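The values are calculated or read from the model by the stated rules, or taken from the named source; none is laboratory data. Just so it is clear, the structure is predicted and the values come from calculations on it, not from any experiment. Note: areas computed on protein heavy atoms with side chains; ligands, DNA, RNA excluded. Shrake-Rupley method; radii C 1.70, N 1.55, O 1.52, S 1.80 Å.
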Amino acid sequence: MITSKIISNGILRALATILIVGAILFFLYEIQTVIVYLCISLLLCLIANPLVQFLKTRLKFGNGLAATTTLIVFILMLVGFIFLFVPLIISQANNLSLLDTHSLQLQFMEAERNVEAYFNVQHLDFNKVLKDSKITSIIDFSYFTVFLNSILGFLANMGMGLVSVFFITFFFIKDQDSFKLSARKILPDNNEDKIINSITKINHFLTRYFIGLLLQLTVVFILYLIVLVIFGNKNAFVIAFLCAILNIIPYIGPIIGTVLAGILTMISMIGSDFQTEILPRTIYVIIGFLVVQAIDNNISQPIISSKSVNSHPLEIFLITLISGITFGIVGMIIAIPVFTMLKVILKEFFPENKIVSVLTERI
């Protein structure tokens, strides 16, 4: 029989649970910076894993020396990037007015007037088309400045964060074997081997994936840069840099990058003749970017998505599409790593299940 005491105890337990969960979420919100540091450090650890294994197995380095050497390599790469590329990015961003929302909008409006004048000459009412589509009200010019300023701000103000990330990464690399031993003591005995095997396989696949993704972005950046340099774009580096970063977003990112490249190419040529210079060069750049995307979609992405995580391209496409519809752009970015983790865990714990065996036959 349910009494008032049982009901009141149930309500109190529910309230206590809500308060505890709320307190945990609030605590996680307050330490979100630390969580970001941990995630970046874990990512660096995954990327550094092949180098660490090489140093330990081939050169017989100890854990501490291997971790120190790896961090020195990271620091040298970071210093090289800062001294070689950051000043160039800032100067080209200033030339494009990407750091100034108002100037960017004025340049875009000038490009819009050039396009309107050209189509009026061709007896097309481009002004009416623009008003009907309300494109100028849709485009948020502050997006470009916020996007670039966040990158530049991170590069300029990462002092404490950089020290923290490198400090955490050092111990992630140095003591990863100790962490595994500690985990074995905490994990339940009946599932210990399965959990350890899952973690090992996840680490292997994610290491391959992130290294492949980094390589893909580098290749795409170089190809974008070549296209822009061939067609004489004075701001080739920063445009290629922004568009390559957008490639992190599967499928949608390259499309956004192509449109962005076309717009920024037009803006960078304000003052030139529209019909003979701006329009032809913009078309050439867009065609060049489409060619790069064709190369990327047919060569780079299949290698990364299929080979690095051992999944069929159609499988990857469907998972990315579903994640994008459900969770938006963030879902598309994390779809492949999360899906890979789930596949590894399912195969380790439910190997006899027919659906699981079909989904994980490549792992």
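Things worth noting here:
- Residue 284 exposes around 120 Å² of accessible area when a 1.4 Å probe is run over every protein chain in place.
- Accessible-area order (highest first, 1.4 angstrom probe) of the listed residues 332, 341: 341, 332
- Solvent-accessible surface ranking, highest first, for 36, 356 at 1.4 angstrom: 36, 356
- Only protein heavy atoms count here; on that basis, with a 1.4 Å probe, residue 42 has an accessible area of about 90 Å².
- Entries in 56/180; 185/343; 56/347; 180/201; 174/307; 174/194 that, when Cα-Cα distance is taken, lie over 22 Å: 185/343; 56/347; 174/307; 174/194
- Maximal additional length on extending the residue 60-residue 35 stretch stands at 5.7 nm, based on 0.36 nm per residue less the C-alpha distance.
- Pairwise centroid distance, computed over Cα atoms, of region 170-228 with region 1-60, Å: 18 Å
- Ranking by accessible area, most exposed first, for 178, 164, 41, 4 with a 1.4 Å probe: 4, 178, 164, 41
- Rolling a 1.4 Å probe over the protein chains gives residue 259 an accessible area of about 80 Å².
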